[in-house]
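To start, the structure itself, in structure tokens.
A short reminder: the numbers here are calculations on the coordinates, not readings from a lab. Being a predicted model, the structure only gives us computed values, none of them experimental. Glycine gets a Cβ as well: all are built from the backbone with ideal geometry, and neighbour counts include every protein chain shown.
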Amino acid sequence: MVQTEAYLMLSMVLFVLGTLGVLLRRNAILVFMSVELMLNATNLALAAFSRQWGSENGHMFVFFVVTVAAAEVAVGLALIVAIFRSKRSIDIDELHQLEG
Amino acid sequence: MESYPQLVPLIILIPAIGAFINLFLGARLTERAVAIIGTGAAILSFVVALLLYSYLSGGGAPVVVDPPFFDGWLRVANIDISWQMRVDTLSVTMMLLVTGVGSLIHIYSAGYMHGDERFHRFFAYLNMFFAFMLTLVAGNNFLMLFVGWEGVGLCSFLLIGFWFDKAKGVGWRNSLAARKAFIVNRVGDFGLMTAIFLTFWTFGTLDYYRPGEIANPEYGAHSEGAADEAHAEGAAVVDEAHAEGAAVVDEAHAEGAAEEGHSEGAAVVDEAHAEEGAVAEGEDGHGGVAEPVYTNNDHIATSDLGVFGQAERMLEAQHEVDFGPFTLPIETVLVLITFFMLIGAAGKSAQIPLFVWLPDAMAGPTPVSALIHAATMVTAGVYMMVRSNVFFYEADLTSLIVTLVGVTTALVGGFVALGQWDIKRVLAYSTVSQLGFMVAAVGIGAYSAAMFHLVTHAFFKALLFLGSGSVIHGMEHGHHEIAHGHGHADHHDEHHDAPDHAEADSDDAFDPQDMRNMGGLRHKMPITYWTYLIGTLALAGIFPLAGFWSKDEILADSWLAGLFENDLGGYIALGGLLIAAGFTAFYMWRQVTMVFHGKARHDAADHAHESPPAMTIPLIVLAILSIFGGFINVPSNVLGLDGIFGAHRFTDWLEQTVVHAHAADFQLLIALAALGLAIAAIFLASRIYGNNKAVVNQRDPLQENYATAPIFNLSNARLYWDQIYGALIEQPFNRMSKFLADTLDWRFWHDYVHETVIAKGFNAIGQLLSKPFDLGIIDGTVNGIGVLVRRLSGGARRIQTGYVRTYAITLLLGVVVVIIVLLLPLINSGR
């Protein structure tokens, strides 16, 4: 049986990859995908803890996260489409109108 | 009869009520009702005066009356001046004169002012004048005299300027004349007020005499002698006098004590006295206890005496009056008081140097000239001086000045009257001259002669003024008639406004008062002519009319004063007044010749006709008085007239009050000189001015002659008196006013003080406050806070880059920090 630590290590790597993706990528879709990656890294960690402790709470969280992520995809992609329509680009560095 | 004096408040109250009714309701009443109210009030006062006269002539003692509601009129600190009235021979003489002549003038005014739009106001003013003039003469202290004095001055002002709205600038001239009278009188009032202040400071009271005080203790002794003489001759004067008067009673009592032979008379008199004492004192009731009889004031403490009694005591005691830093002997103080009184009298009685207002005062309606500016008000100064005869008698220096002023005034007035063409102006200067006679008489100590001349002068000068008013009235109507065609019936209505608008109606410069336009009026206006002639002869001093006796008494008195008292003023008065009397006869006959004799020199005079009865009846009454008025005081040694009229009746009558009144005996030489001078002057005047000599736009007959032309011109120009005043007083005054207004007020006060000091100082302070303080400190604080906030926020703003990545990193860092904080306890505890 694979050790829980390994799952956690994988989860952490994925999370860091996702974080770096969010921070470094300029393409909105890729940033979005990186966010998904971070969510799923978290899901992995939750599932691993759930197996470790024999508790169903972790699974419950995972389902919620998957559901929320699905909704998020719907909203997020719609936003990206709307941004593309106005900007003809999905480069997030061009979206800095809120600059103070 | 004993209670008659208690009526004296009515003499003021009745005209005052009349004035109020006419002032407030007169506009709604008919002319007839207004005239009845005004004249009725005047006549009622005359009746009161007659009752007072009957009381005094019946032997009544002088009484001080306290009217109800006026108790403690002026009571401040140690000043206690009551509204008291004094009924004595002097005040009653003035009351009779004012109300008697005044009533006649009221009647005359009803005719003269007929149709005037302010008819009711005229009568209200006349009644108001009555009230004030009677306050002046009836008061028992100098303050009431002053109230009346100012009041009559006000009425004089109102009545001189009565026609202030006449067209063609005439109204403006009238207003100027009124103002001149008022302002010149203020100068005199300053003198009177100073005299009153000095009197109060010296004596601590202003009362003439206190109740119960005997004005003239010697009066009893004097009439005792008279009574004895009368007894010897078989005419019982004491019996006749009802033995009621305190003075007579006192004397009779003393007589009884001294001579047992009259014991019966003394008993009767004592009884009478018990009655009299109860009435006169009023407070004792009818206890039946007779007051002790005093023949003098020795039983009264000095401080309880009136001013005159105190003055005599102080003179005996060589009193020194304390003026704070210095003291003055009482003689000096009396000289000062009388000198300032003279200034007051010079204002009101039109003496040099303040007489200039009186000729201009003729701008008023003619009845006003007659009543106020000839017969009554202008004599107030003489009345005051006679009232204060105790002071003047002791003040030799002032008496000499008074004589000089009077004589100079008599000469100047008489001289200027020689060269005037205006009928009223001649009379005005004549009044000035005659007032000079009275004042000169006061100066030489002939107080009763001054009062005598005052009375007779009131008769004939009122007559002359009213006569001139009748002439002017006739001339105006005559002129009106020519201007609007002939015929009487259709003109009756237009006559009404003739006196007021005659000048506005006419186009040419016709002057109804210019004597050169007149002539021949004796046939047109016979009543006016004959009465005027009587007045003229009386004024000129022709035997035996009133003026002869009074003028002669003054001349005789001055002769005696010079001869027996070695008084320089007496000789000056005699010489000056004789010349002035010559002037009088000349200018009056010149006037009569120009106005009434010869032929008409203007169509208006041709069409003049006699005035209505309301105007001629007073003329007739006054003419009778002018004929017989002099007999009230005939000297004892002339033509046996004293057998008919009694010798020196008027002087005896006054002596009860006027301590230093004395009668002068007839001086044949003086009388003949005066009479001869008057007749010569009349003859000269008729020679010069007969045959219509003086015509408008031609030279006066006197100007034809090289010798007399400069004199006439000088007189015609009124001695350049107004011009001299203009140069000496008016112009410097105007220049000073200009200096004060322009330099001091405008340049210094407005330009410098206001503009420079106040405005600029204010600006400087304002600048200081606004720039450094308001802008610097207050705005700096507020703006500084704003700037600070903006700078801080400018720094904080940079955090918001707008890049999603930045937020994400921040978020991440925040998470890391939170995790570290959460994990720190674990790390610490793990150790």
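Each other residue within a Cβ distance under 12 Å of B:Ala450 adds +1 if Lys or Arg and -1 if Asp or Glu, for a net charge of 0.
Report, in deg cm²/dmol and to the nearest 500, the calculated mean residue ellipticity at 222 nm for the protein assembly as shown, where each DSSP H run with n ≥ 4 adds -39500 (n - 2.57) and the sum is divided by the residue count. Helix-only estimate at 222 nm: -22000 deg cm²/dmol.
Subtracting the Cα-Cα distance of B:Ala764 and B:Ser737 from 0.36 nm times their residue separation leaves 6.4 nm of extension gain. Spatially, segment B:445-469 and segment B:698-730 are offset by 28 Å when compared through their Cα centroids. When the Cα positions of B:Phe69, B:Leu328, B:Leu744 are compared along the charge dipole of the protein assembly as shown, B:Leu744 comes out farthest toward the positive end, with charges on each C-beta of Lys, Arg, Asp and Glu. Here the extension length gained between B:Glu565 and B:Arg32 equals 186.2 nm, from 0.36 nm per residue of separation less the Cα-Cα distance.
Neighbour counts of other Cβ atoms within 10 Å put B:Leu578, B:Leu192, B:Leu622, B:Leu822 in the fewest-to-most order B:Leu822, B:Leu578, B:Leu192, B:Leu622.
With the cut-off at 1.5 for a/c, could you classify segment B:1-140 from its C-alpha gyration tensor as rounded, prolate or oblate? It comes out oblate by the Cα gyration axes.
With Cα atoms as the point set, the radius of gyration and Dmax of segment B:719-800 evaluate to 30.9, 109 Å. FRET efficiency for the pair A:Met33 and B:Phe773, taken as 1/(1 + (r/R0)^6) with r the Cβ-Cβ distance and R0 = 60 Å, rounds to 0.35. Net charge in the neighbourhood of B:Val638 (other residues with Cβ under 10 Å of its Cβ; Lys, Arg +1, Asp, Glu -1) is -3. If the cut-off is a Cα-Cα distance under 28 Å, which lysines reach B:Lys760, setting aside same-chain residues fewer than 8 apart in sequence? Partners found: B:Lys738, B:Lys771.
Can you list residues whose amide H is under 5 Å from B:Val321's amide H, if they're 5+ apart or on another chain and H is modeled 1.01 Å from N? Result for B:Val321 returns B:Leu328, B:Ile330. If you wrap the protein assembly as shown in the convex hull of its Cα atoms and look at it from every side, the mean projected area works out to 81.1 nm². Any idea what % of Cα-Cα pairs in chain B are farther than 53 Å? Result for the distance tail: 26 percent.
Cβ crowding within 10 Å, taken as a proxy for footprinting-reagent exposure, orders B:Thr99, B:Thr743 from fewest neighbours to most as B:Thr743, B:Thr99. Sorting B:Val432, B:Val356, B:Val782, B:Val170 from the fewest to the most surrounding beta carbons within 10 angstrom yields B:Val782, B:Val170, B:Val356, B:Val432.
Under 5 Å from the amide H of B:Ile352 lie the amide H atoms of B:Thr409, each residue being 5 or more positions distant or on a separate chain, with H modelled from the backbone and absent for Pro and chain starts. Placing unit charges on each Cβ (+1 for Lys and Arg, -1 for Asp and Glu) gives segment A:4-89 a dipole about its Cα centre, and among A:Thr19, A:Ala48, A:His59 the Cα reaching farthest toward its positive end belongs to A:Thr19.
Axis angle, to the nearest 10 degrees, between helix B:31-57 and the longest C-alpha principal axis of chain B: 60 degrees.
Determine the shape class of chain A: with a ≥ b ≥ c the square roots of the Cα gyration tensor eigenvalues, call it rounded for a/c under 1.5, and otherwise prolate if a/b is greater than b/c, oblate otherwise. Prolate, since a/c reaches 1.5 and a/b exceeds b/c. What the Cβ-Cβ distance of B:Trp746 and B:Arg186 gives, at R0 = 35 Å and to the nearest 0.05, is a FRET efficiency of 0.85. Return the lysines within reach of B:Lys599: Cα separation strictly under 18 angstrom, same-chain partners fewer than 8 residues apart disregarded; answer none if there are no such residues. Of all the lysines, those that pass the test against B:Lys599 - Cα under 18 Å, at least 8 places apart if same chain - are B:Lys524, B:Lys693.
For segment A:4-89, relative contact order (Cα pairs under 8 Å, six or more residues apart, normalised by length) works out to 26 percent.
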